[in-house]
Amino acid sequence: MNDTSNEIRQKQLSIFRSMSPAERYQISIEMINTSRQIVEYSIRALRPGITTLELKREIFKRYYSNDFSVEELEKILFALR
């Protein structure tokens, strides 16, 4: 999805390019943490009583289910117990 005008995109790029590597790194980490929180909240909304272990497994499935075969995924999820 791309709903950002070219003018705004160029302004964003200019801002990012003016940042130090440490600032860009910090923003990246914050974005990763925010996206993980969104995933966690959405799982908790669907399964309010989920345990910490089940949540860990569901987050893993949400992130990586397309990267592994069903068999590989089951082995990994089994190991996360």
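Every number in this text was worked out from the coordinates using simple rules, so none of it is lab data. These figures come from a predicted structure and were not determined experimentally. Cβ coordinates were reconstructed from backbone atoms using ideal geometry, including for glycine residues, and neighbour counts include every protein chain displayed.
Residues in segment 29-52 that are surrounded by 10 or more Cβ atoms within 10 Å (Cβ to Cβ) and outside any helix (DSSP H, G or I): how many?
2
Sort out which residues of segment 53-81 are of a type in the set (A, V, I, L, M, F, W, C) and either outside any helix (DSSP H, G or I) or surrounded by fewer than 12 Cβ atoms within 10 Å (Cβ to Cβ) (or both), and write them in order of number.
LEU53, PHE68, VAL70, PHE78, ALA79, LEU80
Out of the residues in segment 16-28 meeting the condition of being surrounded by 10 or more Cβ atoms within 10 Å (Cβ to Cβ) and assigned to a helix (DSSP H, G or I), tell me which one is nearest to the chain's Cα centre (by Cα).
Filtering first and then ranking leaves SER28.
Residues of segment 1-15 being part of a helix (DSSP H, G or I) and among the small types (Gly, Ala, Ser), which ones?
Result: SER14, single match.
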